[in-house]
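In what follows, a single structure is set out as structure tokens and then discussed.
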Amino acid sequence: MQRVRLLVFNAALGPLDYRVPEGMAVEPGSIVVAPLGPRQVLGIVWEPERLPSADVPESKLRALFEVLPVPPFSMALRRLIEWTADYYCAPLAAVARMALGSMAALKGGGTTTEYRLTGHEPARLTPQRAAAMDALHGEQATIRELAERASVSEGVLRGMVGAGLLEPVTVDLDRPYPKARPDHAKPDLEPDQQAAADTFAEAVRSGGFQPFLLDGVTGSGKTECYFEGVSAALASGRQVLVLLPEIALTENFLRRFEARFGVPPVLWHSSLKSSERRRAWRAIVSGDAQVVVGARSALFMPFARLGLIVVDEAHEVSFKQDDGVRYNARDVAVIRARFEGIPVILASATPALESMQLAEAGIYRKIELAARFGGAELPAIEIVDLRTSIPERQRWLSPRLVSELKDRLLKGEQSLLFLNRRGYAPLTLCRSCGHRFQCPHCTAWLVEHRLSRRLACHHCGHEVPLPDKCPECAAPDCMVACGPGVERIADEVAERFPEARVALVTSDTMNAPGKIAEFVEAVENGMVDVIVGTQLVTKGYHFPELTLVGVIDADLGLEGGDLRAGERTYQQIAQVAGRAGRGEKPGEVLIQTRHPEAPVIAALASGDRDSFYEAETQCRRDAGAPPFGRWAAIIVSSEDEAEAREAARAIGGTRPNLPDVMILGPAPAPMALLRGRHRYRLLINARRTAELQKVIRQWLGDLRFPSGVRVGIDIDPYSFI
Ligand code: ADP
Ligand code: ZN
């Protein structure tokens, strides 16, 4: 009799053993359906020696139901799942689930039904149907997805199908993607670009694990260089995974990819509709998807023949996932490349200190591009001291910045104003009683959004309409907005320069891929004079007519005292500065600050990146911070404050006493209330020699908590709230 051990997709269950019925073929990695009590579970066949569990006698084993018609997860992927679960102290099942991506795709290919408007427009419509008709132009999706898109019930749409307003369309889930052509439009590379490109292409051709740090100034053509690695993979029939830090950047990437290879790549991200997910997942598994571009969730996809991984803008903190499995996609990408035996390229103009350190140590091979493409100069940087160039009351642009803006408007050139804060104002208070609007579920102020006339919490999404009187003292029209958000900056520009065409770019205005495409097109066609944006506009874009960048508040990121505050500020400002002067006209950057003497500001002003990295490195070394020491956080939360406090105290009370591990807390987390949960935190600082994960597992392994308590472990944390 053949027996198998399953890793089941349910983190609450341990490994389970089953009997393989006569005639069923399974191997490690096969995805199977098995009975569990009266129900069924989905599982992956795993090597029993790697998944220890008490042996069940043969007589008790139940038989597997079926093997799903998808290729088994490869050995490399199984080892990656184990590594990730082990390193990040996460349940194996939770990690494995990330590789499944689309549950529906497991059932096989074939066809599915979507709906679209028929074009028939009756003379009279109910208001709901009329709204749906408006919202669904050019859309095709399942009834459920269309209902969500149009904000109407599924019933309304089914009625419209009956009335001949919507029609079914059969979608073939396994229709192949058009093939990319490795030599479709090869660019003429400059000598240093060519050298980098050759290195990548050669590494792809010869195979084997090789991590690269592609460190090139903004506008140096990093994308063009790693595209030659992509081209080599295409030519040899291998797949490529390109990770981008956020979906907002894919628009730009898609266009460049299509120009280079003749067809768009395959997209993978969380807002794909279900038929796209199924099609993409199946093509990834079969090997038909040649190049997949996605946010971090694409990292665990079960590729058939992966030949190269690229992590673009690799310094970005959004590669770190902060809920569910708390992993860092940049780091796990390197581990995946190691298990797959393939090259991996981390590309950035401002690499993370951790990556620099690994390059220095010779673990990553550093490839440098020191100059901008086509002889474009890096922009001139000027520090504007807000203590001497003072904005008027309730205004945020200094006289110096205003005068440069005016100059660009006169010359017909474009400007970009950067402030990393959504909404109109970060704090609203009552003029008569001082009441501050606070989120009831979080330790956070509500942010005024004037465009949508709401107060919103940026942590949990709680929203209320802008009240017309104070909820505390009932004074009418008493609300005062304190401080600026991007909406307020856009207002100021509009007031000062009524004729200027302003584009406001934040996740509130760019909430669909189409909007980003529209924005990019408008800027490229010279329809925009001033862009006002959050970090969404700091990277990826190439606007040759943009010659002025204004950083509204360089000090913003330095508050809070986070371990990476200096580095993050440096990266963000260097990136946004990198948008200026990418064409023939030189660029200029004005950085508004109250602390011109702060090391990061001084480094930006002098362009002395090396000495900034050196100083930061020294600080980290002195503090035993990464990459020289290690951090981990334990976050205990519950809806019940006393319960959270008790659990945190219990954890604190059983802390191990080890020479190479220092444990701080428990203490209320800086965000003591988040999404309605009370939070306590312990911070662990360990020497590199300590077996950090083992210590934590042993420490927490035997503790039991009430069911309302969640204990989250964050290895190498990025967020210290
Ligand atoms: P980075 O990612 O390093 O900021 P990009 O790859 O975006 O730089 O390149 C900047 C711009 O220069 C892009 O518009 C790109 O198409 C162009 N470019 C770079 N290298 C070349 C080249 N060899 N030939 C033609 N255009 C190039
Ligand atoms: Zn909130």
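Every read-out reported here was derived from the displayed coordinates using simple, explicitly stated rules and does not represent laboratory data. Source: prediction; values computed, not measured. Note that we place each Cβ from the backbone using ideal geometry, even for glycine, and neighbour counts take in every protein chain shown.
At-a-glance table
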| quantity | calculated |
| --- | --- |
| The chain - percent relative contact order, Cα under 8 Å, separation 6 or more | 11 |
| Segment 326-438: Cα Rg divided by the 2.2 N^0.38 Å rule of thumb | 1.71 |
| Karplus 3J(HN,Hα) series, Hz, for segment 368-373 with 6.51 cos²θ - 1.76 cosθ + 1.60 (x for Gly, Pro) | 10, 10, 8, 10, 6, 5 |
| Set of segment 654-683 residues, backbone N closer than 13 Å to the point 7 Å along the Cα-Cβ line of Leu703 | 654-657, 663-667, 680-683 |
| P(r) histogram, all alpha-carbon pairs of the chain included - 20 Å bins from 0, percent | 15, 46, 35, 4, 0 |
| Sites His595 and Ala304 - FRET efficiency at Förster radius 45 Å, r taken between beta-carbons, to 0.05 | 0.30 |
| Cα convex hull volume per residue for segment 111-195 (Å³) | 173 |
| Pair Glu167, Asp86: separation of 7 Å Cα→Cβ label points (nm) | 5.7 |
| Neighbour-count order for Tyr718, Tyr570, fewest beta carbons within 10 angstrom listed first | Tyr718, Tyr570 |
| Gyration tensor verdict on segment 364-514 (Cα atoms; rounded if a/c is under 1.5, prolate if a/b is larger than b/c, oblate otherwise) | prolate |
| Share, in percent, of DSSP beta bridges within the chain that are antiparallel, nearest 5 | 55 |
| Unsatisfied cross-links (Cα-Cα over 20 Å) in the set Lys515/Lys585; Lys406/Lys585; Lys320/Lys539; Lys107/Lys320; Lys320/Lys694; Lys515/Lys539 | Lys515/Lys585; Lys107/Lys320; Lys320/Lys694 |
| Cβ-based exposure ranking for Lys411, Lys585, in which fewest neighbours within 10 Å come first | Lys411, Lys585 |
| In order through segment 105-115: 3J(HN,Hα) via Karplus (6.51 cos²θ - 1.76 cosθ + 1.60), integer Hz, x for Gly, Pro | 5, 5, 6, x, x, x, 10, 9, 10, 10, 10 |
| Distant-in-sequence amide H partners of Thr111 (H built 1.01 Å from N, under 5 Å) | Leu173 |
| Proxy reagent accessibility, fewest Cβ within 10 Å first, across Met160, Met510, Met24 | Met24, Met510, Met160 |
| Equivalent ellipsoid semi-axes, segment 590-646, via Cα gyration tensor eigenvalues times 5, rooted, Å | 37, 19, 8 |
| Shape category assigned to segment 607-721 from the gyration tensor of Cα positions, a/c cut at 1.5 | oblate |
| Share of pairwise Cα separations in segment 309-367, more than 14 Å, in percent | 56 |
| Nitroxide proxy distance, nm - points 7 Å out along Cα→Cβ at Arg393 and Met662 | 4.8 |
| Gained length - Thr126 relative to Arg256, 0.36 nm times residue gap less alpha-carbon distance | 42.4 nm |
| Length-normalised contact order for segment 20-131 - Cα pairs under 8 Å, 6+ apart - percent | 24 |
| Percentage relative contact order, segment 176-335, counting C-alpha pairs under 8 Å, at least six apart | 28 |
